[in-house]
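Have a look at the structure below, then the notes.
The values are calculated or read from the model by the stated rules, or taken from the named source; none is laboratory data. Remember, it's a predicted structure, so these values are computed and weren't measured experimentally. Heads up, the Cβs are rebuilt from the backbone with ideal geometry, glycines too, and the neighbour counts pull from every protein chain shown.
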Amino acid sequence: MSTDSFATGYGKSTSSLTKSKRLVAMDHSDKAYSEVEKLFQKGWKHPEKGKPVIRAIFTVLSPQKSLDSYAEYKYFAFNLCSISPINVLVRFQVQVVNQLSNYRRRANEQLLFHGTSQLCPLGKNPSAPPDVCSLRSCSLCSIIKNSFEIRRCGTRHNFRRFGNGIYVTSCSSKADDYFSSPLRSNFRVLLVNRVIVGKPLKRKYNATSLNELPSGYNSVIGVPGGDLNYEETVVYHNDAIRPAYVVVYDISPASNEAAQRSRLGFLKSLFKTPLAS
Ligand SMILES: [Zn+2]
């Protein structure tokens with residue numbers, strides 16, 4: 001999916017944002033809805049997981065100031081201007097430069113998934129308003145309201161494959177591994193994020209002490225084949241990423257049963273012996 005379709009949404013209705021009203025439900029007929037859905041289904045690669053069914057997709061509304069600092073990072077990261085105090089003129093230039101397709105190609109802006117912990121019932125009830133909560137420890141709502149912070153990333157997981165950074169992936173079923181909620185519900189939630197990948201350093205093997213990139217690189221992409229089974233991308237700057245959409249889904253019981261049958265069939269053929277059901 002091209003990121004162009006949401007770039008035009010910058011600034012829309014963001015001047016009067018309240019803390020809780022940060023999500024707008026997308027209609028099924030919306031072009032962006034089907035594009036996000038396609039991206040989500042294409043990225044679902046774990047054969048042992050059932051097929052997911054999308055229940056809702058929300059657009060994230062961010063404050064204009066937050067979108068400006070993201071656009072400014074994109075602008076300066078590619079040496080189109082030397083870093084200097086930001087002024088009104090530069091902000092205008094940032095908006096103009098964002099319209100240039102060759103510049104967007106260089107910024108290599110992508111939509112990538114992130115799974116995190118959720119403590120509130122956001123998205124679990126389709127008829128309830130999609131209000132974000134005020135719980136400090138609800139990572140999902142904290143990211144929707146304030147975007148990502150490197151110092152808070154990975155605090156639940158001691159292992160950081162490529163050092164202290166913000167981890168995202170094109171593989172939705174991998175991001176799903178990191179979703180957690182104490183609530184009893186089949187509904188699960190993932191964030192879809194705008195990410196400035198720029199020029200990535202590609203690695204097959206772990207580098208846990210990596211905290212700074214070699215000159216000329218903007219991110220790390222972990223590619224499958226060595227220590228990884230599925231792709232992951234890491235950025236090391238808070239302004240290199242913004243949450244864009246929230247996907248609510250469940251993994252249908254029918255497809256779970258099919259996956260279970262497939263696993264049993266595989267084991268039967270492996271051991272050539274009947275298995276107790
Ligand atoms: Zn919450």
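Some observations on this one:
- If the condition is being at pLDDT 95 or above and not in a strand (DSSP E or B), then region 206-223 contributes only 223.
- Of the set (1) hydrophobic (A, V, I, L, M, F, W, C); (2) within 15 Å of the ligand (Cβ to nearest atom); (3) surrounded by fewer than 21 Cβ atoms within 10 Å (Cβ to Cβ), all apply to residue 143 but (3).
- Test: residue in region 226-237 that is at positive phi, over 21 Å from the mean Cα position of the chain (by Cα) and assigned to a loop (DSSP other than H, G, I, E, B): no
- Yes/no for residue 176 being buried (at least 20 other Cβ atoms within 10 Å of the Cβ), of a type outside the set (Gly, Ala, Ser) and touching a residue at least 24 places away in the same chain (Cβ under 8 Å): yes
- Considering residues of region 114-128 that are modelled with pLDDT under 90 and away from the ligand (no atom under 13 Å from the Cβ) only, the residue surrounded by the fewest Cβ atoms within 10 Å (Cβ to Cβ): 127
- Every residue from region 183-199 that is touching a residue at least 40 places away in the same chain (Cβ under 8 Å), of a type outside the set (Ser, Thr, Tyr) and farther than 14 Å from residue 170 by Cα: 183, 186, 187, 188, 189, 198, 199
- Filter result for residue 32 (modelled with pLDDT under 90 and closer than 26 Å to residue 231 by Cβ): no
- Single condition residue 248 does not satisfy, out of (1) assigned to a loop (DSSP other than H, G, I, E, B); (2) at pLDDT 95 or above: (1)
- Filtered residues of region 129-180 (kept if of a type in the set (Asp, Glu) and part of a loop (DSSP other than H, G, I, E, B)): 131, 149, 177
- Any pair with Cβ under 6 angstrom, 6 or more apart, that starts in region 115-129 at a residue that is under 18 Å from residue 53 (Cβ atoms) and ends at one that is within 10 Å of the ligand (Cβ to nearest atom): 123/189
- The one condition from (1) buried (at least 21 other Cβ atoms within 10 Å of the Cβ); (2) within 15 Å of the ligand (Cβ to nearest atom); (3) within 17 Å of residue 238 (Cβ to Cβ) that residue 162 does not meet is (2).
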